[in-house]
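Notes follow the structure.
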Amino acid sequence: MTFGEQPAYLRVAGDLRQKIVDGLLPPHTRLPSQARIREEYGVSDTVALEARKVLMAEGLVEGRSGSGTYVRERPVPRSIARSGYRPAGGATPFRQEQADASGRGTWESGSEQTEASGAIAERLGIRPGDRVMCTKYLFRDGGEPMMLSTSWEPLAVTGRTPVMLPEEGPLGGMGVVERMAAIDVVVDNVTEEVGARPGLAEELLALGGVPGHVVLVVQRTFYASGRPVETADVVIPADRYRVAYHLPVK
């Protein structure tokens, strides 16, 4: 194979991908069988199989037990707002959006005390094993799972205060900045790092994805005078959503 020449399975996958993009193989259409791919492209069974695996890994097709492989519906990516702006009301960007009359968003959450792992302890500037409040969220839009979030707050900061449980009490659901302000902790900085990786099995199960799908991971940490007071991992299905940042200009 000369430089720049693609392996046969990638050339076959590329041609089938283009047919899907162009609408020649519309959603819910059965993908040509392995035997037909072999015959149409003049390739071996191995090449035909590898080409189908590529399309499955890209999320363009899905296997249906006992039926075959079908073209998946291609969702139009929607934006999820990430914002440095907070109105006087204090809601998070997600809650700001859902406060609109047309909002269809709901969420569920659960909190429990646990010990900080080594990685979380490093992010929070505490010792491994120190107690933290871990809160897990599942956000939905119109009933469809759209985003997961897991946050950790050091109980050395919030323990035995009215804001110890992020979603309960008089400030439940108001966001980190407002909750911390209620206990005289002034949040003055937030960082977010965005990366991508294959979704974990439990994440894809919750989000309605299939094995191999890629997720966006936003690693967020709030600081008060340089001290981390909350850190979170936000997990978003990359095939359905984009992360849109709205940042103030100073």
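The values are calculated or read from the model by the stated rules, or taken from the named source; none is laboratory data. Owing to the predicted nature of the structure, the values given are computational and were not obtained by experimental measurement. All Cβ positions, glycine included, derive from the backbone under ideal geometry; neighbour counts span all protein chains shown. Surface areas here come from the heavy atoms of the whole protein model, side chains and all, with no ligands, DNA or RNA. Shrake-Rupley method; radii C 1.70, N 1.55, O 1.52, S 1.80 Å.
Observations
- The residues of the range 143-224 expose on average 49 square angstrom of accessible surface per residue, using a 1.4 Å probe on protein heavy atoms.
- Accessible surface for the range 9-57, divided over its residues, is 58 Å² per residue with a 1.4 Å probe.
- Computed in the context of the full set of protein chains, the accessible area of the range 1-56 at 1.4 Å probe radius has 53% of its extent on carbon or sulfur.
- Calculated volume of the Cα convex hull per residue in Å³ (choose from [x] 155; [y] 120; [z] 195), label: [z]
- Of all accessible heavy-atom area on the range 164-250, the percent that carbon and sulfur account for (1.4 Å): 59
- Here residue 161 sits with roughly 40 square angstrom of accessible surface, probe radius 1.4 Å.
- Highest mean packing comes first when the peptides 25-31, 145-151 are listed by Cβ atoms within 10 Å, giving 145-151, 25-31.
- Amide H partners (placed H, <5 Å) of residue 74, local residues excluded: none
- Per-residue ellipticity at 222 nm computed for the chain from its helices equals -7000 deg cm²/dmol, with DSSP H segments shorter than 4 residues left out and the rest contributing -39,500 (n - 2.57).
- Among the helices of the chain, none built from whole DSSP H runs has Cα atoms reaching 24 Å or more along its own axis together with a mean Kyte-Doolittle hydropathy of at least 0.5.
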